[in-house]
Amino acid sequence: MMHENACRINWVDGQEEDNCATSVNLIRTAEIGPESTVLEIGCGLGQLCGEIAYLSGAQTFGMDSGHITVEKARAVYPAVTFLYGYAHAIPFSEPAFDVVILHQEVLSEALHASSLFSAVIRILKPSGKLLILADTEEQALQQVALRYFPSLIRLNKNGTQDEEQIMSDAQRIGLHLLCSHVVGAGNVIKNLSFLKKIRHFGALHLHQTGEKEYIEGLLKIEEDYFGHPSVFSHGGTTLSVFVKDVSADNTLSLTA
């Protein structure tokens, strides 16, 4: 049973947060309870899977590729089993989970989303659910940033998975879409903060754009946005819920 009023949890920075709208929505939508087993791939510091474990009592696992991140998460959320690992090498070989949670950015960075979906199907129990979370702020940032860093557009065409392609791949490989809706309230971001986020996005992909394009992009960003009293708002997080087809061929390949 979910603790309806148990949304106040201590976070890494020592502050308390009582906004658990996303976690509560996930728990209700996926029908997560004390008998459930849950895996979050790309869990970061563990806030989401920590909330799920605390609110639902489910046996919860979090996996991330950062050693330091995993150690910090273990210190804050002892009820969760945290593992170090990469999305393309999930350390489970049999159906063990009722729910697997994936983030859009993990899928977008995967070279072969179909291989990742095959691994998810392998570890999901019959009729298990895959939850894909897409941050609408992150999506909007990417859309804006692509105008200033055109090399990333070419990269996207050459293999980076976009949202439409990811959804198509999931369904073709044996995962059926049940529903998709927005959870959480979202935020309103002042113009200067949004600019900083775009600059940071460009810096993260500097190895793909090159220094010349990066600098030119920054100058164009400042020219277009600096001093404009605008704001950017986003609606929260898009939750897409897929269910495993019990008759799916786990060896199905998109190239077949």
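Protection proxy ranking, highest mean first, for peptides 34-43, 172-181: 34-43, 172-181, where packing is the per-residue count of other beta-carbon atoms within 10 Å, averaged.
Sorted on the mean count of surrounding Cβ atoms within 10 Å across their residues, most packed first, peptides 205-215, 22-32, 53-63 read 53-63, 22-32, 205-215.
No value in this document is a laboratory result; all are computed from the given coordinates. This structure is a prediction, so every number in the text was calculated from the model and none was measured. As a convention, Cβ positions derive from the backbone with ideal geometry for all residues, glycine included, and neighbour counts pool all protein chains shown.
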